[in-house]
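See structure below.
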Amino acid sequence: MNRTRVIFFAVMGLALIIVVASLGVRWLGQREMPLVSPAPETLEVRIVCALPVEPWVREAAKEFNTEKHKLEGHPIQVTVIPMDGLTAMRRYEREEMNPLPTAWIPDSRYLVELVNAALKEMRGRDVFLTDGEYRARPIALSLFSWGIYQSRAEVLREEYGDINWQAIHDAATARGGWPELGGDPAWGYFKLVVPNPHKNVGGLMAMVAAAGEYYQKPRIDTADVTGPDFQAWLRELMGAVTDFSSLGAYSVENLALFGYSMGDGGQLLESDLLTNMAGIQTRWEDPLVIVYPTYLTWFDFPFTVWMGPETTALEKNAALEFEKYLLSPGVQQKAAERGLRPANLAVPLTGEDSLFVKWQSQGAMTVVPRTTAMRPPDRDVLLALLRWFDLNIAER
């Protein structure tokens, strides 16, 4: 063996010793260090939520997050963003939701259908579903009812018999004000409470409900709301609203805070009336009474999962986990305690803390003896009413 070959094997042997030593040190180091698994990625569920149910949904989300729910080992974190249904509809259709929410809880199912129709035309596919496990499902219900101060309601019943939109119109246009109707001169003129339709979908639906009673039918079309006789009648009616800007999105809260100066009554969401009944009764001279209209306007607050590729399958399923939580008996009972009608039929309205039972003496009913429901308006009806409002009422 020559000298060159000896040197070669010596170098190779030394290199092999170094490699083996390095692997040994690394192996020992790994044995001494504990193995740490990476934390599972959190599933963020962002929910845009209608204003009437937002306090209940937000409280449920807080409890849900505290309970540390998981899906396939991933923690679920729910965030609730309050937003009026009409505002959310516009932002979806203009593609201004950024980032896109995982789910939407609007005031009513028809808003979901309108958004889906608009985006399906642009994208060529449904973004919200009407069947299957991802379908829009109501999580609670409420309805429009008249909320009127008792002293005023007694005068209206004496003068007109039933309290309805025609009676309210006639009271609003009485030239002599309350004295002409048999009321206290100190009351001045009848003041109507209607939410601002640009800030609360309830304001728009109040006009739809008024049209339903005016025409004595549950389905309203564009020809109805653009009829000159109806528009003149509606303008007289809406002229009894003191100030749309001050009513904003939370009309019943303002009625509770400011009392008779804000209004004598209006057709408002039953759940809002029930949750403010106690405050109104302690703050003002007489309580509100609740009167249910002939044509009922229902709000079903559907939980609606976004089906676009902007959210993952796991995020969509995490949203379903929160939907199931909202429909659980305990959480549904808390909805009933806020004046909402549970979507889970196993949860009664007659529990110990039921606002429906507490305010039965003021007209609240667990079962409403009416069978005629207002049909959802289409997009053309909504746009026509909003345009009419902007041209005739908003700037006055």
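Under the simplified labelling scheme, the Thr226-Tyr160 pair shows an inter-label distance of 2.9 nm, with each label point 7 Å from Cα along Cα→Cβ.
Using only Cα atoms, tell me the angle between helix 228-238 and the longest principal axis of the chain; keep it within 0 to 90° and round to the nearest 10. So the helix axis and the longest Cα principal axis differ by about 80 degrees.
Pairs over the 31 Å Cα-Cα cut-off, from the set Lys120/Lys199; Lys191/Lys217; Lys70/Lys199: Lys70/Lys199. Panel order for Thr304, Thr226, Thr282, Thr42, by other beta carbons found within 10 Å of each beta carbon, from fewest to most: Thr282, Thr42, Thr226, Thr304.
The magnitude of the dipole of region 314-396, with charges of +1 and -1 set on the Cβ of Lys/Arg and Asp/Glu and taken from the Cα centre, is near 220 debye. Here the dipole of region 60-120 is about 60 debye; that uses its Cα centre as origin and unit charges on the Cβ of Lys and Arg (positive) and Asp and Glu (negative).
Qualifying GluC sites (Glu not before Pro) in region 302-396, where qualification requires a DSSP coil assignment and no more than 12 other C-beta atoms within 10 Å, comprise Glu352, Glu395. Rounded to the nearest 10 degrees, the angle from helix 54-66 to the longest Cα principal axis of the chain is 20 degrees.
Counting only lysines at least 8 places from Lys68 when in the same chain, those with an alpha carbon closer than 28 Å to its own are Lys316, Lys324, Lys334.
Taken about its Cα centre, the chain carries a charge dipole of roughly 1980 debye when the Cβ of each Lys and Arg holds +1 and the Cβ of each Asp and Glu holds -1. Normalised by the number of residues in the chain, what is the relative contact order in percent for Cα pairs under 8 Å and 6+ residues apart? Contact order relative to length: 22 percent. Positive end of the dipole of region 267-396 (Cβ unit charges, origin at the Cα centre): among Ala313, Pro377, Val291, the Cα lying farthest that way belongs to Val291. Length gained on full extension, Val368 to Asn98, computed as 0.36 nm times the residue gap minus the Cα-Cα distance: 93.1 nm. For the chain, the longest principal axis of the C-alpha atoms and the axis of helix 150-160 are separated by about 50°.
Loop-resident trypsin sites (Lys or Arg not before Pro) (DSSP state other than H, G, I, E or B) in region 60-110 with no more than 14 further Cβ atoms inside 10 Å of their Cβ: Lys68, Arg94.
When the charge dipole of region 160-265 is built from unit charges on Cβ atoms (+1 for Lys and Arg, -1 for Asp and Glu) and taken about the Cα centre, the candidate among Asn200, His169, Gln231 whose Cα reaches farthest toward its positive end is Asn200.
Every number here is computed from the coordinates shown, using simple stated rules; none is lab data. None of these values were measured; they are calculated from a predicted model. Note that each Cβ is placed from the backbone with ideal geometry, even for glycine, and that neighbours are counted across all protein chains shown.
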